[in-house]
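Visitor: Sharing a structure below in structure tokens format, with a few things to ask.
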Amino acid sequence: MWEILFSTHHTDVGLLYIILGLVAFMIGGALALVIRTELFLPGAQIISDPNTFHRIFTTHGTNMLFLWLLPFASGIGNYLIPIMVKYKDMAWPKLNAVAFWMIPVGMALVWLGMADFTWYATPPYSILSAKGPAAEMWIFGIKILGLSSILGSINFIVTILKMKHPDLPLMKTSLFVWATLVTSIMILVALPTFTAALIMLFTDRLGVSGFFNPNMGGDPIAYQHLFWFTFHPEVYIFAIPAIGMAYELIPKFSRKPLFSYQSGVTAFVLLSIVAFASWAHHMYATGMDFTMKTTFMIGTLAAVPASAMHVFNWIATMWGGRIRFATPMSFVVGGLVLFFYAGAGGVVNSMMPLDFLTHDSYWVVGHFHLFVMGLITFAFLGMLHYMFPMITGRMYNERIGMVTFWLLFVGVSMIFLTQHVLGLYGQPRRTFDYVPVEPLIVMNQISSVGAWITGAGAALLMGNLIYSAGKGKPADMRDPFQLGEQYYDYTRKEPHH
Amino acid sequence: MAEHEHKDEPVLLTSPGRMARGIIIVAVTLAIGAAVVVTQFDNFFSQSAPVTRIQPETPPPPPPAAGVTRIAILAGSSVQGAPDYDPDDAQVPVGNKVVWENRDNVFHTATSGTGPEDAEMSVAFDTGLVNGGESSAEITIDADVGTTIPYFCQVHPYMTSQLTIVEAEEGGATGGSAEGPTLTILAGASAQGAPDYDPDPLTVSAGDVITVRNADNVFHTATSGAPSDADAGQAFDTDLMEAGATATIDTADLEPGEYDYFCLVHPYMVGKLQIE
């Protein structure tokens, strides 16, 4: 066990990333269940006061984005990128381990403090009213996690571009390599803005500066611009690795070559560029002028063709294939279906006039959860099942795998599709209580029941994986899913000899 | 490990014991974390932001010019139910004159009485019609301390309010002090083009001591002359005034006439002082 904890080998660090991600997924999911149970009925149920509720959903959001999505994608990247570019390890193994070990520190700060200002930490609340030291702990926790992301992405970029086998052209590498490359470059471009904003937020809290403090002549809206300049592209930073995993799985389980490699690469690059042209669509309601709103509306819609290229590519790959709907493929296709809903809802949000109806309502909550829980988490879980023989040498229980898929798919659809309608009925997001009228109560209850189903699915999934890792059937390591395809090189995972 | 013959490598399986050890490490870590969270939940959420501890309280709004109580008729007052007179129950120091500032864009009045049916209507005072954006004349109210006078708008009778005559020194936020003239540097004055010195021009009698009050949240000055003058600040200069600070200008040594002054920190802030 210690040889894994202190290892710098890419599969060991990858495994640590994956385990940390899954732990965060489960404990963050537990908070989500608390939130949904609280909202099962109007009024206080299991949480005594709104502040505690705010602290819980702030930690839930921060945790899911920075401790589940990012580390898990890095984990799979760590496992696969060196194999895919035919190099013995990551370019800088020690840096890789350092980047990982920063995450538990950031995680401890975020979780122990449990700040209350939402994962946006929007001023002036975060400067003037948020209670410390939770707020400071959050700021430094996110700072450390951001630094870890930057170190990790530098490592990926160098590994892919410089350590790639000389006989392997970049245009012959897996699309997952492209996804990781594009994501890493985006992190390097996007993150510095927020890194600066976090320091400014901290000095504002100390009172030595007043960048965002209106009492000192600062502008809170400036923070929102800096924040969203980082975190709108961040949406794609979360999504692109998931899309890369879908490219990895769909051709294999369709037993057909990928429909179009070039369009996949083109769409990745396009998406990474237009991701930077849409940040202020989060801020239509802040009083921007009409020209600016229209510009960002067009910038946002520019992401639609690139996303659609991926979706059509997947459908065209599956079309006419001999598809084997094993658990990994089911998760990916389920994620694809939810991605459709998320994308359709997103087009409504991005329309500036319609956004004023949905802004800060449960519609938005439903929309982005369909992305992060629907598309991204489903692709991640699919990839996790596919990688399971590679990681453990054993096979998970396929029947239980399919049950968990259906529980999660039905649960997630119930929670988040309903929340769109809740938003249209006017329920604001981040509320501890709501108006006790029948439509709101009924829809909140559907959503909460969906959450419990999802929770049961996730618990079953973890149970399946944990049990199978110890006692599962030894897998056929050359082709564990009987797809007639080359599986990953299993000998890579055991460097200790 | 660089070049293996992979075909013959044994497959290494995760063993139950190894898996259990891993789970124990994770579980113990989580348990320690949970113990800290549960015991420290309130402690980690107990201190107010440092900035609120070091910043002075927001200074109270400065008293308006001596002897005059100003009551605003807010924009949008003509809409029934909207906030109208501000402050709603003005405390007027005895002897003060009252000015209603119409910030709305339609006619309004401030007429004493409870409404159009009141037989005593407009006996105590009546501004007459005040155009949108203009102020009423200075109204003298002849009433004893403690009297409360209801008033309303003749154009929009649903706009109702009242004022109370109080002792001169009880004026507080809404009253005027009976002392010397006051020059206020308004909140937001540091933004170029925003209203800065109030009143502008300020007219005082020779010998008055002017109280300058910085109601903004940054440093300001009131310095005689213009930024390009060689003798700027010769006639009078408040020096740097912190947010919320006050300073005085003694006009005893100044010749009657008109003086320009400006802010050293923000030279686009200019004002005029007239000494009679």
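The values are calculated or read from the model by the stated rules, or taken from the named source; none is laboratory data. Treat the numbers as computed from the prediction; the structure is a model and nothing was measured. In this analysis, Cβ positions are derived from the backbone assuming ideal geometry, glycine residues included, and neighbour counts consider all displayed protein chains. For accessibility, only protein heavy atoms count, side chains too; no ligands or nucleic acids. Shrake-Rupley method; radii C 1.70, N 1.55, O 1.52, S 1.80 Å.
Visitor: Mind checking how much accessible area B and A bury in total, 1.4 Å probe, in Å² rounded to 100? Before the final figure, lay out each step's value.
Guide: Values: alone 16660 and 19370 Å², together 32340 Å².
That pair of chains buries around 3700 Å² in total.
Visitor: Here is a follow-up. With all protein chains present, how much of the accessible area of the protein assembly as shown (probe radius 1.4 Å) comes from carbon and sulfur, to the nearest whole percent? If you can, show how the numbers build up before the last one.
Guide: Values: 20520 of 32340 Å².
Heavy-atom surface of the protein assembly as shown belonging to carbon and sulfur, 1.4 Å probe: 63 percent.
Visitor: Multiply the residue separation of residue A:304 and residue A:471 by 0.36 nm, subtract the distance between their alpha-carbon atoms, and state the gained length in nm to one decimal.
Guide: Values: separation 167, 0.36 × 167 = 60.12 nm, distance 4.49 nm.
Result: 55.6 nm gained on full extension.
Visitor: Under 15 Å Cα-Cα from residue A:86, which aspartates and glutamates qualify once same-chain neighbours fewer than 8 residues away are excluded?
Guide: The qualifying aspartates and glutamates are A:167, A:489, B:3.
Visitor: Express in Å², to the nearest 10, the accessible area of residue B:255 obtained by rolling a 1.4 Å probe over the protein heavy atoms while all chains stay in place.
Guide: Roll a 1.4 Å probe over it and residue B:255 shows about 130 Å².
Visitor: Now for a separate question. For the stretch B:182-275, what is Rg from Cα atoms divided by 2.2 N^0.38 Å, rounded to two decimals?
Guide: On the way: Rg = 11.9 Å, N = 94, 2.2 N^0.38 = 12.4 Å.
My calculation over the Cα atoms of the stretch B:182-275 gives 0.97.
Visitor: Give the percent of DSSP beta bridges with both residues in the protein assembly as shown that are antiparallel, rounded to the nearest 5.
Guide: Details: 36 of 54 bridges.
The antiparallel fraction comes to roughly 65 percent.
Visitor: Then there is this: Would you work out which of A:31, A:376, A:226 lies farthest towards the positive end of the dipole of the protein assembly as shown? Charges go on Cβ: Lys and Arg +1, Asp and Glu -1.
Guide: A:376
Visitor: Could you size up the charge dipole of the stretch B:68-170 around its Cα centre, putting +1 on the beta carbon of Lys and Arg and -1 on that of Asp and Glu, and report it in debye to the nearest 20? Spell out each step's value before the answer.
Guide: On the way: 3 positive and 17 negative charges, 68 e Å.
Dipole size: approximately 320 debye.
Visitor: Roughly what % of Cα-Cα distances in chain B sit above 26 Å, to the whole percent?
Guide: Numbers: 23223 of 37950 pairs.
Of the Cα pairs, 61 percent sit more than 26 Å apart.
Visitor: Here is a further query. Taking +1 at the Cβ of each Lys and Arg and -1 at the Cβ of each Asp and Glu, which of A:253, A:113, A:235 sits farthest along the dipole of chain A towards its positive end, judged by Cα position relative to the Cα centre?
Guide: A:253
Visitor: Additional query: What figure, in Å² to the nearest 10, do you get for the accessible area of residue A:88 with a 1.4 Å probe and non-protein molecules left out?
Guide: 120 Å²
Visitor: To the nearest 0.05, how large is the calculated FRET efficiency for residue B:89 and residue B:118 if R₀ is 25 Å and r is the Cβ-Cβ distance? Provide the component values of the computation, followed by the final result.
Guide: On the way: r = 18 Å, r/R0 = 0.73.
Efficiency, rounded to the nearest 0.05: 0.85.
Visitor: In the protein assembly as shown, if the dipole is taken from +1 on Lys/Arg beta carbons and -1 on Asp/Glu beta carbons about the Cα centre, which of A:408, A:486, A:470 is farthest to the positive end?
Guide: A:486
Visitor: Roughly how many debye, to the nearest 20, is the charge dipole of the stretch B:182-275 about its Cα centre, given +1 on each Lys and Arg Cβ, -1 on each Asp and Glu Cβ, and no other charges?
Guide: Numbers: 2 positive and 15 negative charges, 55 e Å.
The calculated dipole for the stretch B:182-275 is roughly 260 debye.
Visitor: Stretched out fully, how many nm does the piece from residue B:53 to residue B:138 gain, at 0.36 nm a residue minus the Cα gap?
Guide: Working: separation 85, 0.36 × 85 = 30.60 nm, distance 4.21 nm.
Going from the current span to full extension adds 26.4 nm.
Visitor: While we're here: Give the Debye-formula value of log10 I(q)/I(0) at each listed q (0.07, 0.08, 0.11, 0.12 Å⁻¹), with one equal scatterer per alpha carbon of chain A, two decimals each.
Guide: -0.36, -0.47, -0.93, -1.12
Visitor: OK, next. What are the aspartates and glutamates whose alpha-carbon lies under 19 Å from the alpha-carbon of residue A:256, with same-chain residues fewer than 8 places away excluded?
Guide: Within reach: A:248, A:479, A:485.
Visitor: Mind checking which aspartates and glutamates have their C-alpha under 15 Å from residue A:471, skipping anything on the same chain fewer than 8 residues away?
Guide: A:398
Visitor: Beyond a 25 Å Cα-Cα separation, which of these cross-linked pairs lie in this structure: A:94/A:164; A:143/A:164; A:172/A:252?
Guide: Working: A:94/A:164 19 Å; A:143/A:164 31 Å; A:172/A:252 16 Å.
With Cα atoms farther than 25 Å apart: A:143/A:164.
Visitor: Taking 0.36 nm per residue of separation and subtracting the Cα-Cα distance, what length does fully extending residue A:260 through residue A:485 add?
Guide: This chain segment gains 79.1 nm when fully extended.
Visitor: Still on this model: Charges only on Cβ, +1 for Lys and Arg, -1 for Asp and Glu: so what's the dipole of the protein assembly as shown about the Cα centre, in debye to the nearest 20?
Guide: Details: 35 positive and 63 negative charges, 1473 e Å.
Its charge dipole is roughly 7080 debye.
Visitor: While we're looking at this one, here's another question. In nanometres, what is the gap between the two model label sites at residue B:32 and residue B:258, each 7 Å from Cα along Cα-to-Cβ?
Guide: 7.7 nm
Visitor: Please build a GNM for chain B, connecting alpha carbons under 10 Å apart, and tell me which residue among B:118, B:86, B:260 fluctuates the most.
Guide: B:118
Visitor: Here is a further query. Restricting to the stretch B:182-275, compute how many DSSP beta bridges are antiparallel as a %, nearest 5. If you can, show how the numbers build up before the last one.
Guide: On the way: 17 of 24 bridges.
Just about 70 percent of them are antiparallel.
Visitor: Something else now. How high is the FRET efficiency between residue A:295 and residue B:231 when r is their beta carbon distance and R₀ equals 35 Å, given to the nearest 0.05? All intermediate terms of the calculation are to be shown ahead of the outcome.
Guide: Numbers: r = 51 Å, r/R0 = 1.46.
That gives a FRET efficiency of 0.10.
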